[in-house]
Amino acid sequence: MASPDAPGSVPEVRLRELQVGVSPVEVVARVLTAERREVTRRSDGGRRPLLSGLLSDGTASVRFTWWDPPREGIERGLVLRAVGAEVREFRGRPELTFSWKTRVEPASPAELPRVSPEEFPLRTVHELASRDEGFRLRVRVVRVQPKPVTVGVERRIVHEGLLADRSGAIAFSSWSDFQLAAGEAIEVAGGYLRPFRGRPQLVLDERSTVSRVEGGDLPDPAELLRSGPRSIARVEDEGGGDALAVEGVVVGLLPPSGLVYRCPTCRRSVKNGICRVHGQVEGQPDLRARLVLDDGTGAVTVNVGRADTERLWGVTLADARARLREQPDPSLLEEQLWEAALGRRLRVRGQGTRDDFGITIQPETIETVDVDLETAAAELAARLGGAG
Ligand SMILES: [Zn+2]
């Protein structure tokens, strides 16, 4: 076996400085995404394993291709040092290739290049592209909340929330506690974007920096949360959004709605006593409603949680369980919920994300809007008729 280049014999470069053809190089970077594939060798038809994805070092993110990678252990978040990597071109941009000539080893996040916040260009939320990094943002903290999560066997706290400037709002999650509070104006640098439920999310980690700023030019959070509803057609065009509001009439109820059972560990819904992650579990009862809301320009699905379902339906979880004991047919409950919800005009505020079925909103608030019942009935009849 040929000996790979020893550390120090090739220059260590930042990803932002990579140039096609200037190889080999040494880089330290974090795995943002990684996907395994196999390609068929033309010579003998044999299969050759390949790992490809995105690496980031805080200055840029670049694609990488790793031939014959280790069978396991290369996961999102891992920091790697690669000595003797080739820089090739992929769609006009530099890409790193790891081959048998490259030595790749795990590294500590402390070995990632130090970048001072001033080195990053200042951007607006609107200017961020879905795989961006190496930027600074001046934003208002609209809200922030700690959430316990399990990573492997470890329990950790992630701080989740929403940041906004005058150009738009973006969801964020932070693995470090920056002591953020709603209403604060901050400058953040050294974060990166990753897609989350079809929307870009800003991820902050131990290498990100947060400083408090004056923020006179930033929107006030109350103002953001008061903004009026947009047309659903526009929300569809934009692929969803954070802190958006829509108003429409309930025209449908999708399964599973009504009384559902959830896994006590992960809260996924349980089918026939089986959680698809945790196997056989004792399902815990819960109420939910997946409403289809139509405003005449389009329709969205709204995932309504227990408290709002109880309020809209006028039936508590305990009531629903009592009804089920009397009439052991869950479809009757669903029908009663449907009757209570159909034709209601709702104003829903929350996060909208797009998938293959259209836009789904995870509501933060749901208000019932009083309407003239006759007008609403006529409107509803027209829409249902129009839908076939
Ligand atoms: Zn589970």
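The values are calculated or read from the model by the stated rules, or taken from the named source; none is laboratory data. As the structure is a prediction and not an experimental result, all values here were calculated from the model. All Cβ positions, glycine included, derive from the backbone under ideal geometry; neighbour counts span all protein chains shown. The protein model used for the area step is the full one, side chains on, heavy atoms only, and it has no ligands, DNA or RNA in it. Shrake-Rupley method; radii C 1.70, N 1.55, O 1.52, S 1.80 Å.
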Check your understanding: Out of A171, A164, which single residue is surrounded by 18 or more Cβ atoms within 10 Å (Cβ to Cβ), outside the structural domain of G240 (by TED's automatic domain parsing), modelled with pLDDT of 85 or more and within 15 Å of the chain's Cα centre (by Cα)?
Key -> A171
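Give the residues of the range 107-134 that are within 22 Å of E26 (Cβ to Cβ) and modelled with pLDDT of 85 or more, sorted by residue number. Before you say what the answer is, go through the steps one by one.
To start, the set of residues in the range 107-134 that are within 22 Å of E26 (Cβ to Cβ) comprises 107-116, 119, 133-134.
Hits for the range 107-134 are A107, S108, E111, L112.
Which of the residues spanning the range 244-296 are open to solvent by 70 Å² or more (accessible area, probe 1.4 Å) and more than 16 Å from the ligand (Cβ to nearest atom)?
P255
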Point to revise | Total residues in the range 137-161, condition touching a helix residue (DSSP H, G or I) at 6+ places or on another chain (Cβ under 8 Å) and either surrounded by fewer than 18 Cβ atoms within 10 Å (Cβ to Cβ) or over 17 Å from T209 (Cα atoms) (or both) | key: 2
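Could you name every one of the strands (runs of 3 or more DSSP E) located completely within the range 1-98 that has at least 2 residues being closer than 24 Å to A129 by Cβ, open to solvent by less than 80 Å² (accessible area, probe 1.4 Å) and not aliphatic (A, V, I, L, M)?
The qualifying strands (runs of 3 or more DSSP E) are 25-40, 47-56, 61-67, 93-98.
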Study note, to complete from the structure: Of the residues in the range 127-145, those that are over 22 Å from V62 (Cα atoms) and in contact (Cβ under 8 Å) with a residue 24 or more places away in the chain number 7
Review point. Would you call V300 within 16 Å of the ligand (Cβ to nearest atom), surrounded by 15 or more Cβ atoms within 10 Å (Cβ to Cβ) and either closer than 30 Å to K147 by Cα or among the basic types (K, R) (or both)?
Key: no
